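Chemist: One structure follows; several queries about it will come next.
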Amino acid sequence: VKIVAPKYIFKSGEILQNKALLFGEKIEKIDSLESLKRDFPDVEEVEIRPNSLLMAGLINSHIHLEYSHHTTEYDYGSFMGWLNSVVRNFPTLTQSISEEKMRESLKLALKSGTTTVGAISSLGLDLDVLKDSPIRKVVFNEIIASQPHQVDSFYQLFLSRLERSEELKDRKFSPAIAIHSPYSVHKIVSKKVVELAVEKNYPLSLHILESKAERDWLDSESGEFRDFYLKQYGVARRVSQIDEVLELLQKKRSLLVHGVYLNCDELKEISKAGHTVIHSPISNRLLGGDRLDLEKLEEKKIDWALATDGLSSNYSLNLFEEMKIALFLHNRRDLESFATQLLLSATETPADILGLNSGRVEVGKDSDLILIDLEDWEFDRVEKIALHTVLKGGNVYRSYIFGEEVEI
Ligand code: MCF
Ligand code: FE
């Protein structure tokens, strides 16, 4: 165990002063430095920078590593344009996926204060890189299978990838499941996969209604997806409807990614089931989506967590950058309290839905912690600290995972 005594601690949305932490693998005690030193005279106090802010490590609950290279091949500006560029460039994007690029992307995440990622594994080609990294990870093995003739073989492939990830399981590597989306996964498959997630108690993630095109398609088999499927398969039938998917998900609290085009009735269902919406404003902007209506979510008491998405729809995996963009995008919200909320949306909220015992500076929680250098900034009110931390991009200089310092 060690003692750390930063100038400020960000704890459940508040700033503590004159407090220190006794921590090993877990946070053991929060008290004044004097009391901790008196009660634990043999414990070493770690050296830190003078104007430090300690907070929980960031949790980026939705990234894709396998799409980290050839990122300029993607077309930005509209969802269908992007999707067509994925399909068009699929051979380039997936053959010889660069382990080096995936490693680099994860390093950048660590460097910017992320201590846990929720990684969507589409092909299983990212598993070794994830395993080797000191970062904590929830690995969402993804299934895509829209056409009836794909259902059985793709499900079998998914199962074998899932098994592989189960073999890699350790305290920093947790297997999980992702359904790509309601338009790309047949409801028969979704049903089986949800049941599996329930049975194994794995976190479940699903991209849902990130585009107007998806809305039109799922509502009435119309819009831009119609041409897309006609060209792709010669048939244009939706393979599930939103209410069918939400019904399946009643049994399983899930991460619903994007959700920009969800309607009021669907939000009610989502609230009842206790799902969390994952908000990735940079990705939404680049793929031509609208701004997620956070007020509507909050009105319905739906939790939302901030995430970056992958490098095929973002220019970085830096969650502080995502916070800054969100701060400017949601321009009607009170600056100071929204900045605090953004910090919580990247720590407490994702920890809860990913089933992690971290994301909070609280006795009994895992010691996944970061130290931020506030340099020479002085604060007349501590309520300003969250805002300036977000504006200045984090400035993280040290990270601990399970109480062990990791190289950043
Ligand atoms: O979240 C973004 C945009 N929405 C959907 N899918 C993806 C995103 N980034 C990567 N993807 C992947 C997805 O996991 O794209 C692949 C899937 O494996 C092809 S299907 C669009
Ligand atoms: Fe995504």
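Chemist: I'm trying to understand the selection: among the residues of region 278-310, which are more than 18 Å from Phe328 (Cα to Cα), within 16 Å of ligand 2 (Cβ to nearest atom) and surrounded by fewer than 23 Cβ atoms within 10 Å (Cβ to Cβ)?
Modeler: Gly310
Condition check ((1) touching a residue at least 12 places away in the same chain (Cβ under 8 Å); (2) open to solvent by less than 10 Å² (accessible area, probe 1.4 Å); (3) more than 21 Å from Val257 (Cα to Cα); (4) not in a helix (DSSP H, G or I)) across all residues:
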| residue | (1), (2), (3), (4) |
| --- | --- |
| Ile30 | yes, no, yes, yes |
| Lys37 | yes, no, yes, no |
| Met55 | yes, yes, yes, yes |
| Met102 | yes, yes, yes, no |
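Chemist: Can you find a residue in region 176-183 that is on the phi < 0 side of the Ramachandran plot, surrounded by fewer than 17 Cβ atoms within 10 Å (Cβ to Cβ) and touching a strand residue (DSSP E or B) at 6+ places or on another chain (Cβ under 8 Å)?
Modeler: no
Chemist: Follow-up question, since we're still on this one. Pull up region 232-250, narrow it to residues that are in contact with a helix residue (DSSP H, G or I) (Cβ under 9 Å, 6 or more places away or on another chain) and over 25 Å from Asn141 (Cβ atoms), then point me to the one that is surrounded by the most Cβ atoms within 10 Å (Cβ to Cβ).
Modeler: Among those residues, the one meeting the criterion is Ala236.
Chemist: Let me ask something else. Quick check on my filter: what residues within region 79-104 are farther than 25 Å from Ile208 by Cα and among the small types (Gly, Ala, Ser)?
Modeler: Ser96, Ser98, listed by residue number.
Chemist: Moving on to the next point. Out of Ser85, Ser98, Ser122, Ser61, which single residue is within 14 Å of ligand 1 (Cβ to nearest atom) and open to solvent by 10 Å² or more (accessible area, probe 1.4 Å)?
Modeler: Ser122
Chemist: Oh, and also: Any idea which of (1) touching a helix residue (DSSP H, G or I) at 6+ places or on another chain (Cβ under 7 Å); (2) more than 25 Å from Ala213 (Cα to Cα); (3) exposed (fewer than 15 other Cβ atoms within 10 Å of the Cβ) is the one Val363 doesn't satisfy?
Modeler: Only one criterion is unmet by Val363, namely (1).
Chemist: How many residues does region 234-280 hold that are closer than 16 Å to Glu195 by Cα, within 19 Å of the chain's Cα centre (by Cα) and either of a type in the set (S, T, N, Q) or within 16 Å of ligand 1 (Cβ to nearest atom) (or both)?
Modeler: Residues that pass the stated criteria total 2.
Chemist: Right, next: Among the residues in region 245-263, are any farther than 21 Å from Val117 by Cα and in contact with a strand residue (DSSP E or B) (Cβ under 6 Å, 6 or more places away or on another chain)?
Modeler: No, region 245-263 contains no residue that is farther than 21 Å from Val117 by Cα and in contact with a strand residue (DSSP E or B) (Cβ under 6 Å, 6 or more places away or on another chain).
Chemist: Quick one: would you say Arg253 is more than 16 Å from ligand 2 (Cβ to nearest atom), closer than 22 Å to Lys268 by Cβ and open to solvent by 30 Å² or more (accessible area, probe 1.4 Å)?
Modeler: Values: more than 16 Å from ligand 2 (Cβ to nearest atom): yes; closer than 22 Å to Lys268 by Cβ: yes; open to solvent by 30 Å² or more (accessible area, probe 1.4 Å): yes.
Answer is yes for this residue.
Chemist: State whether one or more residues within region 130-151 are within 16 Å of ligand 2 (Cβ to nearest atom), assigned to a loop (DSSP other than H, G, I, E, B) and surrounded by fewer than 20 Cβ atoms within 10 Å (Cβ to Cβ).
Modeler: Within region 130-151, one or more residues are within 16 Å of ligand 2 (Cβ to nearest atom), assigned to a loop (DSSP other than H, G, I, E, B) and surrounded by fewer than 20 Cβ atoms within 10 Å (Cβ to Cβ).
The values are calculated or read from the model by the stated rules, or taken from the named source; none is laboratory data. Keep in mind it's a predicted model, so treat the numbers as computed, not measured. All Cβ positions, glycine included, derive from the backbone under ideal geometry; neighbour counts span all protein chains shown. All accessible areas refer to the heavy atoms of the entire protein, side chains included, with ligands and DNA or RNA removed. Shrake-Rupley method; radii C 1.70, N 1.55, O 1.52, S 1.80 Å.
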